[in-house]
Amino acid sequence: MSDLLRLKLRTNVCFPLSISEGHLSWRKGDDTSFKGNIAVKEGPQISLDVFQGTDRLKVNRLRINDGPSQVDMTFELQGRMLEVTFSGEFSERTLDRIFEGYQFQDGWVRGDFQAKIDLDQPMQSTAQGKIEARDLTSPWELKQPLEISEISLDAQKNRVSVALASFTWGGERFVLSGDVNFSKERVKLDLNLTTGNIDLEDLEKVLGKRKKGAELFAMMKKTLGLPF
């Protein structure tokens, strides 16, 4: 999954693991699938049903049960199209019991949410449901460190209402609220933004790698009234 998304994890799975009712299908140069139950030593119970092809990764079921922390997820990445569902409540303490190499804190995420995201044309993405998160740290190796203090979102197809999004990116704190509306032609931002200093050159580099990103950056400048 990390290779397909072009991201690198800074963690490793804890060992030993025990597998029950497992079924693995694998042949060199062909598709791979696995279905079974996984238990991490002194950790949570995981139920997994996953399929991987040359350009497709599909998680039909990922259920993690760690006492009060329980979540059901599905995930599909085919080409540059990503679909994901999330239902339940999940704690960073559970991640800390699954992965080693990174110290997770006391963050959590909960909700009932589904999204379909075009990674090449994000303006055509849709989402549905509600999700909340607090004090999350990113397990991915990012050029600019990302820490999420608080997020509360309500998505309805091509509209995302942000009750509150408070996060730190690259050492700068941002607080957002308002609405984001997506269409085939454009994205409309109606947001209130509070922050300190912004390195606009770095922001433009991130958003301007693709033509659509450059258009989005120009729209953000106009909508937020940035003086440059």
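The values are calculated or read from the model by the stated rules, or taken from the named source; none is laboratory data. This one's a predicted model, so the numbers in the text were calculated from it and none came from an experiment. Cβ coordinates were reconstructed from backbone atoms using ideal geometry, including for glycine residues, and neighbour counts include every protein chain displayed.
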> R61 fails exactly one of the following numbered conditions: (1) crowded, with 16+ Cβ neighbours inside 10 Å; (2) over 15 Å from the mean Cα position of the chain (by Cα). What is the number of that condition?
Replying inline: (1)
>> I'm trying to understand the selection: among the residues of the range 163-177, which are of a type in the set (G, A, S) and either crowded, with 16+ Cβ neighbours inside 10 Å or over 24 Å from L119 (Cβ atoms) (or both)?
In response: A163, A165, S166, G171, S177
> Are any residues in the range 36-58 in contact with an Asp or Glu (Cβ under 6 Å, 6 or more places away or on another chain) and either among the charged types (D, E, K, R) or surrounded by fewer than 16 Cβ atoms within 10 Å (Cβ to Cβ) (or both), and if so, which ones?
Replying inline: G36, N37, G53, K58
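Regarding L142, is this residue over 22 Å from V71 (Cβ atoms), at pLDDT below 90 and in a strand (DSSP E or B)?
On the way: over 22 Å from V71 (Cβ atoms): yes; at pLDDT below 90: yes; in a strand (DSSP E or B): no.
No, not satisfied.
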>> Pull out all pairs, ordered by first then second residue, where Cβ-Cβ is under 8 Å, the residues are six or more apart or on different chains, the first lies in the range 62-84 and is at positive phi, and the second is assigned to a strand (DSSP E or B).
In response: G79/R56
> When the range 84-125 is examined, which residues are found to be under 17 Å from the mean Cα position of the chain (by Cα), aliphatic (A, V, I, L, M), more than 16 Å from K157 (Cβ to Cβ) and buried (at least 17 other Cβ atoms within 10 Å of the Cβ)?
Replying inline: L95, V109
> Which of the residues belonging to the range 36-56 are of a type in the set (D, E, K, R) and farther than 21 Å from L95 by Cβ?
Replying inline: D55, R56
